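One structure is given here, and the rest of the page talks about it.
The values are calculated or read from the model by the stated rules, or taken from the named source; none is laboratory data. These numbers come from a predicted model, not from an experiment. As a convention, Cβ positions derive from the backbone with ideal geometry for all residues, glycine included, and neighbour counts pool all protein chains shown. Note: areas computed on protein heavy atoms with side chains; ligands, DNA, RNA excluded. Shrake-Rupley method; radii C 1.70, N 1.55, O 1.52, S 1.80 Å.
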Amino acid sequence: VDSDNQHRHQRSETTPGVITGLIISCQLKRFLVPNQTKPNQANMCGIIGMLLANKEQHVNQLLFDGLTVLQHRGQDAAGMVTVEDGRLRLRKDNGLVRDVFQQSHMEELRGNIGIGHVRYPTAGSSSNEEAQPFSTNYPFGICVAHNGNLTNTDELQSSLKYSNFRHVNTDSDSEVLLNVFAESLTNELKAEQTNKRPMHDVVFQAMETVMNTCKGGYAGLYMINGFGLVGFRDPNGIRPLVFGVRKSGVEAFTSHVNEDGLPDSPRSITSEENLDYCFSSESVAIDTLGFKLVR
């Protein structure tokens, strides 16, 4: 399964999800362990992600418009990363959306898939190094845009450093969340070489590990270079994340939604019926960009 086709699969009740290319929405059940929020953790940020069925189209302007609509969720920093021909194109800095992304930056942010982030102003470091999205090169090249708090960051950082030999360069728990998923996916890929599982099963299993390991209230997006997007919420659904769909190249999508509010799956669709997908912290971005809110 890759981002060149639009197959969709449904998960079980314990891990409901939707995949197209590799667009996934995950949610598991468990209890949270309360802890004190660190000053540099994001209390209310805005995230958005998009995959367009037409590889000749670019998501940069749509992401820019979506981040502008979500600007009230964070005015401290903004960032966007896209993928074109296997190359990650990243721009992030302190400031408002309109100031961070100039014409020269937008021209470089090409590709039909991407994620964006606006950061809530918090105490602690205000360095643009902690602006999102974050990225890691292994495996594949993975990026994250994250909103929320991890309550066991110190434990996770120690495990990443001493057990997995991974370097976390900032104090942001978003970078920790990225590396936990990257390590989990690496382990599942090694097992996949023996078990020959489909890629979407590999990703779901890695996400289950993330959700069983990372405690707190969070929502986020992973972008996996060459495959697609993974949208996720913490097991208790504390932080907001919604997604919508539209027919590729049109302004709205109103059909092919089942009784659960999900696109019919599996379903054979023609090239004229390929779907664009959008994740967002709030439905206002879904509506503004002409998508049909699914859930």
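How many residues, within region 175-201, are surrounded by fewer than 22 Cβ atoms within 10 Å (Cβ to Cβ) and among the aliphatic types (A, V, I, L, M)?
3
Mind checking which residues of region 69-101 are part of a strand (DSSP E or B), among the hydrophobic types (A, V, I, L, M, F, W, C) and crowded, with 21+ Cβ neighbours inside 10 Å?
Ala77, Ala78, Met80, Val81, Val83
Answer yes or no as to whether Gly244 is under 24 Å from Phe291 (Cβ atoms), modelled with pLDDT of 95 or more and touching a Lys or Arg at 6+ places or on another chain (Cβ under 9 Å).
Judged against the criteria, Gly244 is a match.
Go through region 136-167 and report how many residues are open to solvent by less than 30 Å² (accessible area, probe 1.4 Å) and more than 17 Å from Asn212 (Cβ to Cβ).
Within region 136-167, residues that are open to solvent by less than 30 Å² (accessible area, probe 1.4 Å) and more than 17 Å from Asn212 (Cβ to Cβ) number 10.
Would you mention how many residues in region 225-240 are open to solvent by 30 Å² or more (accessible area, probe 1.4 Å), touching a Lys or Arg at 6+ places or on another chain (Cβ under 7 Å) and outside any strand (DSSP E or B)?
Adding up the residues that qualify gives 1.
Between a first residue in region 54-69 that is in contact (Cβ under 8 Å) with a residue 12 or more places away in the chain and over 11 Å from Glu84 (Cβ atoms) and a second residue that is in a helix (DSSP H, G or I) and of a type outside the set (A, V, I, L, M, F, W, C), which pairs have beta carbons less than 6 Å apart while being 6 or more apart in sequence or on different chains?
Val69/Thr288
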